[in-house]
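Notes for the one structure printed next.
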Amino acid sequence: MKPILLFIMITTIAIGVFAQKQTFDIVSYTPPANWNKDTKGDYVSYSRIDGASWSQIAVYKSRQSSGNIEEDAQKDWQDIVLAGHTIEQEDKTMPKSDEGWQVMSRSGIWQYNGTNVATVLTTYSNGNVCVSVLWNGTAQPYMKNLKDFIASINLDANNVIQKNNSVMNNQNNNLETMDDNNPASVSETFSIAGLWTYYVSEGVGLSGYMRREYQFNMDGTYTYRNKQWLTTAPNIIFMHETGTYTVQGNQLTLTPKKGKAGFWGKKSSTKEWGPLKKSSNYKLEKTTYTFETINDPTYGNAVILKAANATQRDGAQSNNDNNPIEVRYSLRTSASSIDNPPGFKL
């Protein structure tokens, strides 16, 4: 079929640069140049991160059609988008036809770490099989990439026949959903991006606290800070670490580059810093955690980090450093509550 161009009512002035034509399932397309490719069982995705902005395009495997484009689009919208997000400002286009295929799109807005994410799902159907293309983005210029991607799409009718025979034998073809708290579905980097905190008060009637934070950035870097102001200790303890991280499935690997620890004197307020008394050795430990993200509308989203052994950054949960550890960090959408020592710079 000829490429079907979906005219989306958002204009941009961005100029897209594209690479060589590629094929996934029954879809041939030209991906954006220099975007990261990630192939899963049920879809192939391309993603790009520009500081705090990001975008992703995913092509899903085709499945058996209901025979109606609107029903096909609604099912994929439910399975791919609504299954993982609370969508606002939902909208849809009217079906368009070209050489035996119909195409329509649904769109909306969802929240990720306090940022608006626009999503557009474009569905193609010929009455026998259907296939969908998903776009997510946090900035308007990425819409140009979507328009060019849609304009490049060709569907292979011969492959459709082969695919239809295969689908008839497996009508429960499951589409992997794009989940707010399982960023592997958007891009594995997104799964953990954000400010994650672990705050513990010293005890009833005491004003001390222990605060630990991970700031995972979308560019693959992280910052870790640990401040302890305890009434039972003579000094303030402060540790910080910077490095890079990678995510593979539910495995998070931290590779530290720099780190320091030290003891500061106290003043009358828990918010005041005394003079630096001494620096302390800080062991930089490359560590792989098993992590799980939790979507909790009552107590807030969280991530649980599990490691085989205690680390200096996480501490131990028993007297035996060889025991596994498990720490729950809560997602914080406001500014950090850890204040830095005087003159401190990352």
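Temperature 25 °C, viscosity 0.890 mPa s: under these conditions the Stokes-Einstein estimate for the stretch 104-149, based on its Kirkwood radius over C-alpha pairs, is 210 µm² per second. The mean accessible area for residues of the stretch 40-88, using a 1.4 Å probe and ignoring ligands and nucleic acids, is 37 Å² per residue. Remark: the stretch 301-308, residue by residue, has Karplus-estimated 3J(HN,Hα) of 5, 8, 10, 9, 9, 10, 10, 5 Hz, where x stands for each Gly or Pro and the curve is 6.51 cos²θ - 1.76 cosθ + 1.60 at θ = phi - 60°.
In order along the stretch 98-112, the Karplus-derived 3J(HN,Hα) couplings, from 6.51 cos²θ - 1.76 cosθ + 1.60 at θ = phi - 60°, round to 7, 6, x, 10, 10, 9, 8, 9, 10, 9, x, 10, 9, 10, 9 Hz, and Gly and Pro are given as x. May I ask which of K257/K286; K257/K277; K21/K147; K278/K306; K21/K96; K306/K345 have a Cα-Cα span longer than 21 Å here? Going by Cα-Cα distance, K257/K277; K278/K306; K21/K96; K306/K345 fall outside the 21 Å limit. Spatially, the stretch 256-281 and the stretch 43-63 are offset by 43 Å when compared through their Cα centroids. With the cut-off at 1.5 for a/c, could you classify the stretch 51-119 from its C-alpha gyration tensor as rounded, prolate or oblate? Prolate, because a/c is 1.5 or more and a/b exceeds b/c. In sequence order, the stretch 57-65 has phi-based couplings of 10, 10, 10, 9, 4, 6, 9, 5, 7 Hz under the Karplus curve 6.51 cos²θ - 1.76 cosθ + 1.60, θ = phi - 60°, and Gly or Pro positions carry x. Taking the simple approach of a point 7 Å from Cα along Cα-to-Cβ for both N116 and I87, what is their distance in nm? The modelled label-to-label distance comes out at 1.7 nm. The label-point distance for A233 and E70, in a model that sets each label 7 Å from Cα toward Cβ, rounds to 6.4 nm.
Computed with a 1.4 Å probe on the full set of protein chains, the accessible area for S269 sits at about 40 Å². If you look at the Cα atoms of the stretch 224-346, you get an Rg and a Dmax of 16.0, 47 Å.
The values are calculated or read from the model by the stated rules, or taken from the named source; none is laboratory data. These figures come from a predicted structure and were not determined experimentally. As a convention, Cβ positions derive from the backbone with ideal geometry for all residues, glycine included, and neighbour counts pool all protein chains shown. For the accessible areas, the whole protein counts, side chains as well, though only heavy atoms, and no ligand, DNA or RNA atoms are used. Shrake-Rupley method; radii C 1.70, N 1.55, O 1.52, S 1.80 Å.
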